[in-house]
Amino acid sequence: MAFQDYTLIQAPMAGGLSTADVVAGASRAGALGSVGAGYLSGDAIMAAADGVRAAGGDAFAINLFIPAQRDATDAEWRAALKALAPCYRQGEVPLPDHFPKLPDFREQFDAMLEARPAVFSWTFGRLPRSMMAACRARGITLVGTATSRDEALALAGDGVDGIVLQGEEAGGHRGGVDPQGEGLPLAALLDACRDLATPLIAAGGLMDGADLARVMAAGAAAGQLGTAFLRCPEAGTAEGWRQALADAGPDATAVTRAVSGRWARGIANAWMDGRAPTEVAPYPDQHRLTSPLRKAAGVEWKSLWAGTGAHRGRALPVAELVQVIEDERRAASRSG
Ligand SMILES: Cc1cc2nc3c(=O)[nH]c(=O)nc-3n(C[C@H](O)[C@H](O)[C@H](O)COP(=O)(O)O)c2cc1C
């Protein structure tokens with residue numbers, strides 16, 4: 001299927017959530033599956049692509065994070081570490097003296113090129129021209145992420161093939177270029193960008209086919225859904241997180257910068273209330289500093305990323321969910 005023909009994209013979800021079975025299941029059912037590879041090494045990216053192909057997914061996307069412009073200063077690092085010490089104590093996790101770095105972007109990018117997915121999508125910035133050209137030479141479709149009209153215009157000017165317009169309802173990190181970007185409701189963002197010639201992919205709070213039909217009527221070519229897939233049995237969602245999603249009410253989510261240094265939305269827990277640290281290092285150093293706590297602690301100190309539609313999630317297998325959403329979309333477009 002050509003990129004322009006997709007109406008549904010299974011959002012990339014780094015951290016082991018968008019497993020090979022999720023991506024292949026989505027692709028086999030007629031959506032575009034996406035591997036969230038932002039935290040994977042080059043070798044792990046190759047293995048992930050092999051896994052999707054072995055599970056029967058042919059066309060899929062690989063997604064990476066554009067690296068930050070600067071590291072935390074020593075003072076920022078020390079202040080953030082000091083502010084996190086009580087959080088580690090409350091989470092009953094010993095404060096480590098070493099915080100592993102994120103994988104090298106160049107190595108990730110080269111592995112992605114070698115894996116040769118149908119689509120390369122990225123978040124947190126703009127892709128250098130030489131890298132765009134390397135993708136083009138291999139026939140890889142290019143998709144960037146914007147959270148404002150200015151960011152969308154910049155990506156369109158770079159010549160991308162598609163722009164994910166991510167509204168503030170979205171689960172996970174705000175993927176704009178500006179780490180402190182305010183965020184806009186999806187409807188307002190679509191409205192502000194609908195004159196752009198580049199295909200727009202709406203993201204944020206979309207949970208069913210009626211939501212998809214609505215954003216397509218407002219100018220989107222497709223929708224990218226993340227939270228909707230988190231309760232699928234094939235997803236790598238941990239048990240406590242699944243339970244929090246199953247229990248979520250309409251106001252279950254909130255945003256925080258305390259986990260990573262970038263704004264992100266999830267089920268409200270210690271990261272969103274008075275227990276959260278007030279001194280926060282810039283992304284990705286804050287992510288490095290909080291990672292051991294989030295891995296080892298209980299659910300109150302985990303990052304339970306989810307969008308505002310969390311309470312409308314369905315615990316269906318991936319292929320069935322894609323089919324149901326497509327049926328709902330068709331029905332809604334006929335009646336709308
Ligand atoms: C658990 C989780 C992890 C995510 N990880 C990524 C990621 O690695 N790369 C990316 O571009 N977007 C990521 N996102 C954001 C999605 O691409 C998308 O914008 C978002 O899921 C849309 O909002 P929704 O969750 O309400 O559907 C993530 C979202 C969630 C919920």
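Quick notes on this one:
- For the chain, carbon and sulfur atoms together expose 51% of the accessible surface, with a 1.4 angstrom probe and every protein chain in place.
- Shape parameters for the stretch 108-199, alpha-carbon atoms, Rg then Dmax in Å: 13.3, 38
- Phi-derived couplings, Karplus 6.51 cos²θ - 1.76 cosθ + 1.60 at θ = phi - 60°, listed residue by residue for the stretch 323-336: 5, 4, 4, 5, 4, 4, 4, 4, 4, 5, 6, 5, 7, x Hz, with x used for Gly and Pro.
- Secondary-structure-derived ellipticity at 222 nm for the chain, considering helices only, amounts to -11500 deg cm²/dmol, per-run term -39500 (n - 2.57) for DSSP H runs with n ≥ 4.
- Accessible area per residue in Å² at 1.4 Å probe, computed on the stretch 3-335: 41
- Share of Cα-Cα pairs in the stretch 3-335 lying beyond 24 Å, as whole percent: 52
- Spherically averaged projected area in nm², based on the convex hull that wraps the Cα atoms of the stretch 66-145: 7.4
- The stretch 3-335 - share of DSSP beta bridges that are antiparallel (%, nearest 5): 20
The values are calculated or read from the model by the stated rules, or taken from the named source; none is laboratory data. None of these values were measured; they are calculated from a predicted model. With ligands, DNA and RNA removed, areas are computed over all heavy atoms of the protein, side chains included. Shrake-Rupley method; radii C 1.70, N 1.55, O 1.52, S 1.80 Å.
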